[in-house]
1. Inside segment 95-126, can you point out the residues that are touching a residue at least 60 places away in the same chain (Cβ under 8 Å) and under 30 Å from LYS239 (Cα atoms)?
2. For segment 65-112, give me each residue that is modelled with pLDDT under 85, surrounded by 12 or more Cβ atoms within 10 Å (Cβ to Cβ) and within 18 Å of the chain's Cα centre (by Cα).
3. Being in contact with a Lys or Arg (Cβ under 7 Å, 6 or more places away or on another chain), closer than 30 Å to SER108 by Cβ and outside any helix (DSSP H, G or I) is the filter here, so list the residues in segment 134-176 that pass it.
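The values are calculated or read from the model by the stated rules, or taken from the named source; none is laboratory data. Since the model is a prediction, treat every value here as computed from it, not as a measurement. Note that each Cβ is placed from the backbone with ideal geometry, even for glycine, and that neighbours are counted across all protein chains shown.
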Amino acid sequence: MDLIKAAILGIVQGLTEFLPVSSSGHLELFKYFMNDDAVGEESMMMTVVLHFATALSTIFVFRKTILELIKGLFKFEWNKETKFIAFVVVSMIPAVFVGLFLEEEMESLFNKNIPLVAIMLFITGLILFIADRAEKTDKELSFIHSIIIGIAQAIAILPGISRSGATISTSVLLGLDREVAARFSFIMVLPLIFGKIAKDLLDGSFTENASNVGELSVGFIAAFITGLFACTLMIRIVKNSKLSYFSYYCFAIAAISLIFYYVS
């Protein structure tokens, strides 16, 4: 891996972590059409660093909200901050279940199966298209909402299903306020990201192919900066009901991928 590839990986990670276009789907498409498995396998350390960068960008964007949540938690009372944290914990249950008991089954799907990725991208686009036309309401988040959104997040492990797209669209279709939907979607994934990072570090599988400090630094900076941009942009897009723009993109990429797959 060189500095240019590290920068490209950082930019792609920063954008697709937040924009509803499926980072896993794009990675599978890249691996197939560029015949390059190294992007996903060459450096576990790079993967850890890029996820850490996007997690930090999320924390920076929502720093005021997160600080309020921490302050509310340490009041040791059942307040709105404690309730929000409880909702986040509940939303994690489906994804944790899949990670613990279905990890091998999920990994088997990441084998450059382009028809599957294209179908999942089409489904992502359809969900975004429908959600963008949902009536705006301001329902409050509840435990039932949290578990349903959590199930959407678990389903988004499939290559081609966008995590942010699935969780935000589900929130909007449940009638939640759009700004609340975006905030919950991005904050709810933070514990899972840090949990995955901790697991990767403890496994030690990255040590054999670790990238050098320069590449890691370039990837980190690229992912962090583009993550800040994409996260902020996504909040504005959700509030202004512009999700359909990404649905058209997902439809187009799905169609183009299938055409090239069956023609080539």
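1. Passing the criteria: ALA95, VAL96, VAL117, ALA118, ILE119, MET120, LEU121, PHE122, THR124, GLY125, LEU126.
2. GLY99, MET106, LEU109, PHE110
3. ALA156
Yes or no, residue by residue, for (1) within 30 Å of LEU3 (Cβ to Cβ); (2) under 14 Å from the mean Cα position of the chain (by Cα); (3) modelled with pLDDT of 90 or more:
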site	(1), (2), (3)
ALA198	yes, no, no
ASP203	yes, no, no
GLU208	yes, no, no
GLY227	yes, yes, yes
LEU233	yes, no, yes
VAL238	no, no, no
SER247	no, no, yes
CYS250	no, no, yes
ILE259	no, no, yes
